[in-house]
Amino acid sequence: MRHEIDLIVPTVPGREESLDRCLKSFPDLNHIVVSGYPACGQAWQAGLAVSDAPYVLLSADDIEAMDSDWIEPCVEAVDEDLLPAPMVFRPDGSVESAGGDMAASGNLLTDISPNRHPVDFTPMPFVSRAQIDRIGMIPTHMMCDVWVSHRGRQLGYETVLLHDYRLVHHHEMTGRKSATGPSDEAVYRNHMEQVNR
C-alpha cells in the first residue's frame, strides 16, 4: 500500500554525498531538504512548515534506510497512537541503538528489546501529522528527538522499538556538533516546564 510520507532532511554544505545516499535510500518518500539552519530542530521546524503529507519522517542526512520494509509497521504504529523507534546500525553492521534512554550510556540502548517494547525515546522520529502538530518541535540541535518522545508520552503517545524499522547511521562529521550544549538543554527544560504548567 502506498502512503504519502514526507522525508524532512536537514543538511549543511559539505555533506552532499551523504545527503545523496540518504535520499536514494528513501525513494518512495517525498523529499524535503532543508539547508543552512544551525540546529536540527530549526530545520525540522522549517520542513514541517512546508510539509503537507499525513506522515512525516524527521531524518538526518547521514541516515540510510536498509530497505522499505519499515514503512507499513511505522504507519501501523502511529495509527495506533504509538511513536516508532528504529533499530540503528553502524556501517559495519553492529548495533548502534535499539531505542534511546536518557539513563543509558551515550543515551542509546544497545540490548535489543522485544518488538514494540517501550523505550524512552526515538532517535529518528516517524510521526503522523496529527501527532507532530500536537507535539510541536523545539529549535535545538540536540534533544529535539528526545522532545518528540517525551512530549508525545505526555500526550498519550508511547514510544516503542520496531524491529522492522532499520536504519544505518554513517556519522558524517562535516558540520557536526559534538555534544549537547547548555543552550539546548536549557531550551529543552524550558519547553518541558511550559507544557507541564
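The values are calculated or read from the model by the stated rules, or taken from the named source; none is laboratory data. In this text, all values refer to a predicted model and were calculated from it rather than measured experimentally. Counting neighbours? That spans all protein chains shown, and the Cβs are built from the backbone with ideal geometry, glycine included. In case anyone asks, the SASA skips ligands and DNA or RNA and just uses the protein heavy atoms, side chains included. Shrake-Rupley method; radii C 1.70, N 1.55, O 1.52, S 1.80 Å.
The number of residues in the stretch 81-130 being acidic (D, E), in contact (Cβ under 8 Å) with a residue 60 or more places away in the chain and open to solvent by 40 Å² or more (accessible area, probe 1.4 Å) comes to 1. If you take the residues in the stretch 126-172 that are under 21 Å from A65 (Cβ atoms) and assigned to a loop (DSSP other than H, G, I, E, B), which one is modelled with the highest pLDDT? My answer is H170. Selection within the stretch 131-167: residues that are in contact with a Cys (Cβ under 9 Å, 6 or more places away or on another chain) and either farther than 24 Å from D61 by Cβ or of a type in the set (A, V, I, L, M, F, W, C) (or both). The member of this set that is most open to solvent (accessible area, probe 1.4 Å) is M142. Taking into account only those residues within the stretch 6-28 that are of a type in the set (D, E, K, R) and either touching a strand residue (DSSP E or B) at 6+ places or on another chain (Cβ under 8 Å) or farther than 21 Å from P38 by Cα (or both), which is least open to solvent (accessible area, probe 1.4 Å)? Among residues in the stretch 6-28 that are of a type in the set (D, E, K, R) and either touching a strand residue (DSSP E or B) at 6+ places or on another chain (Cβ under 8 Å) or farther than 21 Å from P38 by Cα (or both), the one least open to solvent (accessible area, probe 1.4 Å) is D6. Kindly provide the set of residues from the stretch 12-42 that are out of contact with any Gly (no Cβ under 8 Å at 6 or more places or on another chain) and within 17 Å of T140 (Cβ to Cβ), ordered by number. Within the stretch 12-42, G36, Y37, P38, A39, C40, G41, Q42 meet the criteria.
Within the stretch 1-45, being farther than 18 Å from H169 by Cα, aliphatic (A, V, I, L, M) and in a helix (DSSP H, G or I) holds for one residue alone: A43.
Of the residues that make up the stretch 71-84, is at least one among the small types (G, A, S) and in contact with a helix residue (DSSP H, G or I) (Cβ under 9 Å, 6 or more places away or on another chain)? No, the conditions are met nowhere in the stretch 71-84. Scanning the stretch 29-80 for residues that are under 14 Å from the mean Cα position of the chain (by Cα), open to solvent by 40 Å² or more (accessible area, probe 1.4 Å) and among the charged types (D, E, K, R) gives a single hit, E64. Could you please find all residues in the stretch 173-197 being assigned to a helix (DSSP H, G or I) and either closer than 24 Å to P84 by Cα or modelled with pLDDT under 55 (or both)? Answer for the stretch 173-197, where residues must be assigned to a helix (DSSP H, G or I) and either closer than 24 Å to P84 by Cα or modelled with pLDDT under 55 (or both): P182, D184, E185, V187, Y188, R189, H191, M192, V195, N196.
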